[in-house]
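Inspection log for the structure reproduced underneath, given as structure tokens.
We did not get these values from a lab; they are worked out from the coordinates using the rules stated. Predicted model, so just to flag it, every value in this text is computed and none were measured. As a convention, Cβ positions derive from the backbone with ideal geometry for all residues, glycine included, and neighbour counts pool all protein chains shown.
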Amino acid sequence: MKRLLCLAGALVACLSLSVSALGADAAGVKVPAHQRFALPNGLTIILVPQRDVPLIAFSGFVRGGTLADPAGKPGVASLVAGLLDRGAGARDAYQFADAVEGVGGSFAAAAGAESISVSGQFLARDRQLMIELLADALIRPRLDATEFDAYRDREIEFIKSAKDSDPSQIVGIYGRAALFGSHPYGRPQGGSETSLAAITLQDVQAFHAANFGADNAALVFAGDLDAKWMKTALTQAFAKWGRAAAPVRDLQPAPRITERRVLIVDSPGSVQTYFWLGNVGVDRRYSGRPALDLVNTLYGGRFTSILNTELRIKSGLSYGASSRFTRGSVPGEFAIRSFTQTDNTGKALDLALETLENLKRGALEPAMLESSRAYVLGQYPLQLETAAHWAATLADLEFYKLGKDYIEGYGPALAKVDLAETAAVTADAFPRPTALVIVLIGDAAKIRETAKKYGPVTEMKLSDPVFAPAK
């Protein structure tokens with residue numbers, strides 16, 4: 001017995017040393033030295049010199065996103081983002097792509113709920129071309145009619161294809177629509193078949209004219225750069241960019257739901273049910289972030305999580321289950337996602353709800369907390385290693401108006417989280433099992449009776465060209 005106690009003590013001591021070492025690594029994460037300045041037109045620019053590799057990465061945003069989509073036409077921002085590199089300035093779509101790929105660079109743009117983001121990477125020697133292409137894409141996109149038609153049609157076909165082949169790609173869109181309703185977070189960021197078909201080239205042009213302004217944007221450049229040269233070159237490239245015509249829209253938080261309700265998205269003949277369970281969670285500034293990350297890692301954030309262990313490893317009801325908090329300027333959703341064979345829909349839902357109930361009512365064990373802490377502390381520094389990581393991170397801090405302590409204080413805060421803090425965020429941020437939107441994509445004829453025991457049921461068809469049932 002003494003020997004076993006000694007071994008157990010040694011194991012705990014070893015784990016403590018490992019966590020201490022990881023904590024030291026995470027505590028050593030520092031925001032690199034950088035310069036932040038604004039042009040007279042309001043454009044914010046951040047320069048982060050890092051000379052390890054001869055590359056320059058950029059990341060930035062234009063405020064707006066789905067939040068700025070015209071009423072009844074979600075997807076306009078997404079189409080604008082997709083067209084930025086399909087012809088800009090003196091280059092048509094082919095020439096723009098050839099200019100990027102010809103030097104081994106990259107360029108990407110995407111629309112989110114609150115902004116359109118841009119990112120990319122070029123060799124340092126191609127810095128002038130990088131700036132030229134970026135300025136053209138943001139200020140002078142061609143928004144060509146032929147490219148618009150082709151891109152819009154492709155996006156519609158993508159939605160149809162996802163419905164036919166992999167509903168897991170879109171179950172979250174149905175979930176957010178059911179949870180948030182008319183709130184901007186409830187709009188499909190990429191649009192729906194119906195809304196995309198109704199969008200015109202004029203809508204896209206008007207969105208760009210109203211929202212793409214220097215005072216609505218920020219750009220971060222990190223890597224092997226000469227700050228003085230970059231400042232001069234960027235000032236010349238962006239000095240004539242005008243201000244945005246439309247004001248930045250106000251975003252109010254959505255209320256949490258207090259009861260359970262169910263949406264069935266009927267997919268006749270489906271042999272699987274894809275499910276999404278969610279409620280409104282927390283925002284980007286949530287004070288309990290370190291503790292919440294530890295709890296969610298344990299609950300549904302890694303392969304050995306409680307959810308995945310119960311639904312996949314122990315029961316074999318699913319090939320995977322996860323949970324996630326989406327955090328914006330206001331609270332986004334907390335969601336559980338998984339799938340199972342149609343005949344096991346009730347069993348899988350019951351088990352998912354049971355894990356949530358157990359999390360809500362039971363304190364975590366010390367060993368579980370230490371395991372999660374070691375995992376998160378080990379992963380955190382790896383997410384901030386490259387110039388591209390830092391460009392994206394500083395753009396994120398700029399967008400949400402967060403200080404550098406959001407990065408530098410995270411590791412030390414993780415190391416100090418105790419069981420009282422995890423209990424507090426579990427009670428506050430995780431929803432009760434009786435207060436969830438449940439979305440089921442599956443064969444309604446086979447799962448309808450099962451679904452009724454979880455709450456009032458609404459139905460729509462997977463073939464419907466929208467993501468929410470008709471009112």
- [ ] Could you work out the local net charge near residue 87, counting Lys and Arg as +1, Asp and Glu as -1, over the other residues with Cβ closer than 14 Å to its Cβ?
- [x] -3
Open item on the list: Taking R0 as 60 Å, what FRET efficiency do you get between residue 182 and residue 51 from their Cβ-Cβ distance, rounded to the nearest 0.05?
Closed with: 0.75
TODO: Estimate the FRET efficiency between residue 210 and residue 168 by the formula 1/(1 + (r/R0)^6), using the beta-carbon distance for r and 41 Å for R0, to the nearest 0.05.
DONE: 0.75
TODO: Could you check the simple spin-label distance between residue 453 and residue 94, using points 7 Å along Cα→Cβ, in nm with one decimal?
DONE: 6.1 nm
Open item on the list: Please identify the DSSP H helices in the chain that span no less than 27 Å along the helix axis (Cα) and have a mean Kyte-Doolittle hydropathy of 1.0 or more.
Closed with: 2-27
Task: Extension gain from residue 466 to residue 389, taking 0.36 nm per residue of separation minus the Cα-Cα distance - done: 24.2 nm
- [ ] Grab the DSSP H runs of the chain that are 4 residues or longer, score each as -39,500 (n - 2.57), total them, divide by all residues and round the 222 nm result to the nearest 500 deg cm²/dmol.
- [x] -13500 deg cm²/dmol
- [ ] Treat each spin label as a single point 7 Å out from the Cα along the C-beta direction, and report the residue 271 to residue 382 distance in nm.
- [x] 3.5 nm
Open item on the list: With the crude spin-label approximation of a point 7 Å out along Cα→Cβ, what separation in nm comes out for residue 416 versus residue 313?
Closed with: 3.2 nm
TODO: Principal axes first, then extents: for the Cα atoms of the range 261-461, list largest minus smallest coordinate on each axis, whole Å, largest first.
DONE: 53, 36, 28
Open item on the list: So for each of 294-307, 338-351, 149-162 I average, over its residues, the number of other beta carbons within 10 Å; can you give me the resulting order with the highest mean first?
Closed with: 294-307, 338-351, 149-162
- [ ] Could you pull out the pairs from 73/471; 160/446; 347/453; 347/446 whose alpha carbons sit more than 20 Å apart here?
- [x] 160/446
- [ ] Determine the gain in length on full extension of the stretch residue 36-residue 129; use 0.36 nm per residue of separation and subtract their C-alpha separation, reporting nm with one decimal.
- [x] 31.3 nm
TODO: Return the label of the correct value of Kirkwood radius over Cα pairs in Å, as calculated from the structure shown, out of (i) 25.3; (ii) 24.2; (iii) 22.9.
DONE: (ii)
TODO: For residue 249 and residue 235, calculate 0.36 nm times their separation in residues minus their Cα-Cα distance, and state this gained length in nm to one decimal.
DONE: 2.3 nm
- [ ] Be a star and scan the range 392-408 for residues whose amide nitrogen sits under 19 Å from the point 7 Å along the Cα-to-Cβ vector of residue 428.
- [x] 402-403, 405-407
